[in-house]
Amino acid sequence: MNENERGARQSASDRADSWLNDRVGVLVALAATLMAIGNIKDGNIGQAMARAQAKAVDAWSYYQAKSTKEVIATNTAEQLRFQLDASANPTPLNRQKLEQQIAHYSDEAHRYDREKDEVQKQAEGYEAEYERLNVFDDQFDMAEAAFTVAIAMGGITALTRHRLLLAGAAFMVAAGVLFETAGFAGWSLHPEWLAKLLG
């Protein structure tokens, strides 16, 4: 092999390496940029989830307080009824006072029961909001995982020069773009098996 042939082969090899390095560089830069953008949105979703979860916990605590007050009012009304029934010939004034107190505590128990239902709906609404946001949080997590794998595959491609790995990295970037787009667009793309695997 003469010097010209060796030079031509070296030049072709350099062009192929340059082509591969260019593609790997673009792919890694794209994956890193999209991952950074997704992380910002995912952080905001995480904060919204934390707020929804805190509101749900507060609402359920409030529900429990209403339940406790309802039980106390119901029990107090029952004790006053028992006291009225056990009294032998109470004076009209005492009977009237006991009946007023029974009516008051019965009304309180009914009020707490109604309020408890409203608080329960609020708590369930906060839980539903948390679950709705969790779908998008999972989507951004899946996108981040795909971009991370793509970056790793890009690095291995640069070291090994195997173009098949570049195709795999491109596929992972495409998967990341799909999940991130779903997260931004509000689509309900949510493979349960993948969410459980990453969760």
* Asked: Picking from L164, Q83, Y105, whose Cα lies most toward the positive end of the charge dipole for the stretch 22-198 (charges on Cβ: Lys, Arg +1; Asp, Glu -1)?
  -> L164
* Asked: Relative contact order, percent, of the stretch 68-139 when contacts are C-alpha pairs under 8 Å separated by at least 6 residues?
  -> 40 percent
* Asked: Using a Cα distance threshold of under 26 Å, what count of lysine pairs results for the chain when pairs must be 8 or more residues apart or interchain?
  -> 13
* Structure fact -> Between the modelled labels at E78 and T181 (7 Å from Cα along Cα→Cβ) the distance in nm is 6.2 nm
* Per the helix-only calculation at 222 nm, which mean residue ellipticity applies to the chain, given -39500 (n - 2.57) for every DSSP H run of n ≥ 4 and division by its residues, nearest 500 deg cm²/dmol? -> -34500 deg cm²/dmol
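Sort T148, T91 by Cβ crowding within 10 Å, fewest neighbours at the top.
Least to most surrounded, the residues fall as T91, T148.
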* **Under Karplus coefficients 6.51, -1.76 and 1.60, residue-wise ³J(HN,Hα) of the stretch 172-185 in Hz, glycine/proline x** => 5, 5, 4, 4, x, 4, 4, 5, 5, 4, 4, x, 6, 7
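Around V173, under 15 Å between beta carbons, what's the net of Lys plus Arg minus Asp minus Glu among the other residues? Kindly include the intermediate steps, with their values, before the conclusion.
On the way: positive: R23; negative: E144, E180.
Within the 15 Å Cβ shell, the charges total -1.
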* Structure fact -> Once normalised by the length of the chain, the mean sequence separation of its alpha carbon contacts under 8 Å that are 6 or more apart gives a contact order in percent of 31 percent
* Unit charges on C-beta of K, R, D, E only; dipole of the chain, Debye -> 240 debye
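Note down the net charge around Y105, summing +1 for each Lys or Arg and -1 for each Asp or Glu among other residues with Cβ under 14 Å from its Cβ.
Charge balance in the 14 Å sphere: -2.
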* Could you work out how far the C-alpha centroid of the stretch 19-97 sits from that of the stretch 115-145, in angstrom? => 12 Å
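Every number here is computed from the coordinates shown, using simple stated rules; none is lab data. Since we're looking at a predicted model, the values are computed, not measured. A quick note on method: Cβ atoms are made from the backbone with ideal geometry, for glycine too, and the neighbour counts reach across all protein chains shown.
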